[in-house]
Amino acid sequence: MTAVVLFEAEFESFNGIRSVVKKVRTQTRNRSAATSLLDIQKRDGENCPLPPMDGFPHCNMIIEWMKKIWRSDPCYERHGVNGSMCSILIYLSEIESWCPVLPGRKILPASAQNTEVKAEHAVIRDSLTKLYPSMEGRMTFKWIHQRILSMEDTWVEAGRSFSAKYTLTQRTAKHILVYPGAMTKEARTLMAEGAFSGGPLGELVQWSDLISTLHILGHHVHLSASVSEFQKFVRTNTDGCPSLPSVELSLIYTDIIGLRLIKPLLGTSWIRYQCMMRVLDCFGTEPDFNHAAWARKHNLRSPYGSLNMIPMQFYTMFPHTPDNTFLGLTVQSPVGSPLSSTRKANQALVYGKKATIWKGKEAYLNVIHKYLDIHGTVDRSGRIPRYVKNHGIIKGSEVHNLLRQSKVFVGLSLPYEGPAPLEALANGCAFLNPRFRPPQYFKGKPTIRELTSQNPYAESIGEPYVWTVDIHNLTEVERALTAILTQTIEPYVPYEFTSEGMLQRVNILIEKQDFCHNTRSWPPLRALQVVKAEINTSCKQACQNKGLICEPAFFSHLNNARQVASYGVKCETSELSAHYLVLPAYSVKDQHCLFQSDALLFSCVRSHESLTRICPCRDYIKEQIALCKACV
């Protein structure tokens with residue numbers, strides 16, 4: 001599925017372009033067919049070799065418009081437009097992005113000028129030191145820099161291990177821009193500054209580990225901490241004339257705040273860069289919230305939704321939402337002396353840096369205090385039980401030391417889905433994971449995903465590492481504690497949260513996941529397994545019931561009567577529709593099949609009370625759920 005065909009709604013929102021589209025459509029409304037490039041060529045007596053037009057639905061219209069107005073702005077002439085079909089096509093494909101590049105022509109990186117550029121092979125690096133100058137003295141990257149420094153040996157060793165296991169010689173070193181928008185001054189969140197005073201660290205951990213991964217994999221990582229810096233790496237319109245970037249980018253990693261900051265800057269160049277975007281989104285964005293028109297119609301309000309991206313372009317912290325892509329992070333393993341040589345004290349460490357999180361948890365903590373001394377790393381904003389030994393807000397290395405000495409890591413219900421419970425497991429602590437009955441939801445986030453506990457991923461790991469309990473049922477809490485204290489917990493980190501696991505996953509995503517072209521299918525179609533869901537069952541659940549995972553990249557393959565027939569679904573009648581989130585699906589009663597007409601509305605997570613969903617599932621590698629067995 002190509003991303004470009006999804007851009008029409010966005011295209012018409014650009015200032016100045018809406019009127020162009022409206023005017024051209026008005027002119028062609030009464031014709032039997034829209035004017036094609038070939039028609040324009042015949043009419044004007046020109047002969048340019050035409051490329052395939054797949055994925056460029058607006059090219060014909062913009063050419064018609066530009067033939068009339070090219071003299072109105074000196075920018076066009078400076079870029080070689082002289083009114084001819086060929087010059088206009090070259091401009092609209094190489095300077096802007098409305099048309100495909102002509103056969104025999106190639107867009108070179110701006111820095112190369114007219115010299116021949118040879119593809120540079122990506123080689124696994126044995127050091128992170130070349131990253132440090134780009135972070136030094138910059139508040140945005142201060143905490144990130146410290147984490148990367150502390151983990152350099154881990155990353156280097158993971159790179160060696162990874163390269164020893166796999167053939168990595170056919171990779172090209174890519175120019176990749178990293179723009180953590182939520183941490184920039186323009187965002188005004190003070191997230192970068194708050195990292196040193198008890199603020200949330202999950203996103204910073206993820207950015208740190210992504211940057212380390214990209215560098216170890218051998219790519220060129222460019223860091224941007226402001227809109228002005230970002231502008232140096234992209235084509236933008238200055239006085240009506242597109243600027244040229246300093247390098248030719250292959251990928252841009254940002255977050256939702258960053259996306260909202262840079263999208264207006266790009267203007268009509270957005271179409272060139274949208275498919276390159278990878279959006280770090282901890283908790284996920286579901287398709288109905290992402291689709292601007294659907295969200296508006298169904299009152300799905302969220303300050304983080306309505307972005308009209310392909311849902312797989314959103315990269316999550318945990319593998320909870322199959323419509324999005326799991327990026328993950330790395331759980332820092334113990335450093336220094338072997339963990340087995342560290343004597344576990346009769347103590348618990350409480351997960352909660354804000355004193356407000358402790359409110360109302362006294363009875364729960366009193367039960368724990370009967371068995372264990374309680375330590376905390378809490379700010380001074382409120383009261384906590386007097387028996388708690390509070391270390392205050394301390395460095396990550398000191399937290400790890402406390403975890404190494406503790407037997408239990410105690411959840412207090414907040415924050416949701418942070419990485420700290422996995423760090424506890426890595427240090428040989430059991431995790432007390434508060435259960436939610438009824439399930440909780442993310443307020444204001446673009447998802448209605450149910451949270452059955454403080455950390456559902458940890459919940460799935462289960463005992464003896466994770467004990468999911470109702471913290472208001474003190475008998476249940478006491479039973480879990482006594483069981484924990486009768487056993488020894490060995491350190492444990494799921495492979496997908498190790499440095500090597502992240503290198504494997506991100507490498508394949510970079511090499512295989514492509515939203516800019518329609519030339520290859522990934523994951524490979526041989527991984528597809530079709531499951532017919534029960535009524536009122538989502539594809540996520542239907543696949544999970546079979547030990548599989550829903551794979552949204554396969555929806556388009558199943559989205560027609562001929563294909564579903566090969567999987568035992570007979571369609572007596574069928575139609576295309578954009579009124580459901582559960583398509584492809586069919587009615588068992590009359591064998592009427594419905595197929596999705598809007599690719600942004602494919603969804604793994606929705607169900608229907610009368611339609612049977614036809615679900616695209618795949619297998620996965622144990623402890624590497626993002627990858628199918630045929631993906632490696």
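The values are calculated or read from the model by the stated rules, or taken from the named source; none is laboratory data. These numbers were taken from a predicted model, which means no experiment stands behind them. Neighbour counts are summed over all protein chains in view; Cβ atoms, including those assigned to glycine, are modelled from backbone coordinates with ideal geometry. The area values use the complete protein model at the heavy-atom level, side chains included, leaving out ligands, DNA and RNA. Shrake-Rupley method; radii C 1.70, N 1.55, O 1.52, S 1.80 Å.
The table below lists the values:
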| read-out | value |
| --- | --- |
| Close pairs (7 angstrom Cβ cut-off, 6 or more residues apart or separate chains): over 27 Å from Ala119 (Cβ atoms) in the range 207-231, of a type in the set (A, V, I, L, M) and open to solvent by 30 Å² or more (accessible area, probe 1.4 Å) anywhere | Val227/Leu261; Val227/Leu265 |
| Of all residues in the range 557-580 being open to solvent by 20 Å² or more (accessible area, probe 1.4 Å), touching a Leu at 6+ places or on another chain (Cβ under 9 Å) and not in a helix (DSSP H, G or I), the one that is farthest from Pro287 (Cα to Cα) | Tyr567 |
| Some residue of the range 188-204 being among the polar types (S, T, N, Q) and buried (at least 18 other Cβ atoms within 10 Å of the Cβ) | no |
| Selection within the range 205-235 - among the hydroxyl-bearing types (Ser, Thr, Tyr) and buried (at least 21 other Cβ atoms within 10 Å of the Cβ) | Ser208, Ser212, Thr213, Ser224 |
| Among residues of the range 131-144, those that are open to solvent by less than 70 Å² (accessible area, probe 1.4 Å), in a helix (DSSP H, G or I) and among the charged types (D, E, K, R), counted | 0 |
| Hits in the range 348-389 - residues which are at pLDDT below 95, open to solvent by 40 Å² or more (accessible area, probe 1.4 Å) and outside any loop (DSSP other than H, G, I, E, B) | Thr356 |
| The lone exception for Arg520 - which of (1) at pLDDT below 95; (2) surrounded by 14 or more Cβ atoms within 10 Å (Cβ to Cβ) it fails | (2) |
| Cβ-Cβ under 9 Å pairs, at least 6 apart or on other chains, the range 564-581 side closer than 19 Å to Phe554 by Cα, far side open to solvent by 80 Å² or more (accessible area, probe 1.4 Å) and assigned to a loop (DSSP other than H, G, I, E, B) | Val564/Lys570 |
| Matching residues in the range 390-417 - criterion: being within 27 Å of Thr321 (Cβ to Cβ) and either open to solvent by 20 Å² or more (accessible area, probe 1.4 Å) or part of a loop (DSSP other than H, G, I, E, B) (or both) | Leu412, Ser413, Leu414, Pro415, Tyr416, Glu417 |
| Sole exception among (1) within 27 Å of Ser607 (Cβ to Cβ); (2) aliphatic (A, V, I, L, M); (3) more than 13 Å from the chain's Cα centre (by Cα) for Ile257, by number | (1) |
| One residue from Cys593, Cys604 being at pLDDT 95 or above, outside any loop (DSSP other than H, G, I, E, B), of a type outside the set (A, V, I, L, M) and buried (at least 17 other Cβ atoms within 10 Å of the Cβ) | Cys593 |
| Candidate set from the range 489-517 (those that are in contact with a Phe, Trp or Tyr (Cβ under 8 Å, 6 or more places away or on another chain) and assigned to a loop (DSSP other than H, G, I, E, B)); member that is modelled with the lowest pLDDT | Ile489 |
| Odd one out for Phe442 among (1) open to solvent by 30 Å² or more (accessible area, probe 1.4 Å); (2) closer than 30 Å to Trp294 by Cβ | (1) |
| Gly284, sole failed condition from (1) out of contact with any Ser or Thr (no Cβ under 9 Å at 6 or more places or on another chain); (2) at pLDDT 95 or above; (3) on the phi > 0 side of the Ramachandran plot | (1) |
| Some residue of the range 332-345 being at pLDDT below 95, surrounded by 21 or more Cβ atoms within 10 Å (Cβ to Cβ) and in a loop (DSSP other than H, G, I, E, B) | yes |
| First in the range 43-68 and among the acidic types (Asp, Glu), second anywhere and at pLDDT 80 or above and assigned to a loop (DSSP other than H, G, I, E, B), Cβ under 7 Å, 6 or more apart | Glu46/Ser84 |
| Among the residues listed as Arg160, Arg147, the single one being of a type outside the set (Gly, Ala, Ser), part of a helix (DSSP H, G or I) and over 23 Å from Lys395 (Cβ atoms) | Arg160 |
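Residues checked against (1) at pLDDT 80 or above; (2) assigned to a helix (DSSP H, G or I); (3) farther than 23 Å from Pro245 by Cβ:
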residue: Val21; (1), (2), (3): no, yes, yes
residue: Leu38; (1), (2), (3): no, yes, yes
residue: Pro49; (1), (2), (3): no, no, yes
residue: Asp54; (1), (2), (3): no, no, yes
residue: Trp65; (1), (2), (3): yes, yes, yes
residue: Ser87; (1), (2), (3): yes, yes, no
residue: Ser93; (1), (2), (3): yes, yes, no
residue: Pro100; (1), (2), (3): yes, no, no
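To keep it simple, each residue is scored yes or no on (1) in contact with a strand residue (DSSP E or B) (Cβ under 8 Å, 6 or more places away or on another chain); (2) at pLDDT 90 or above; (3) closer than 14 Å to Ile144 by Cα.
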site: Ala173; (1), (2), (3): yes, yes, no
site: Thr189; (1), (2), (3): no, no, no
site: Glu193; (1), (2), (3): no, no, yes
site: Arg235; (1), (2), (3): yes, no, no
site: Gly240; (1), (2), (3): no, no, no
site: Glu248; (1), (2), (3): yes, no, no
site: Ile256; (1), (2), (3): yes, yes, no
site: Lys263; (1), (2), (3): no, yes, no
site: Leu266; (1), (2), (3): no, no, no
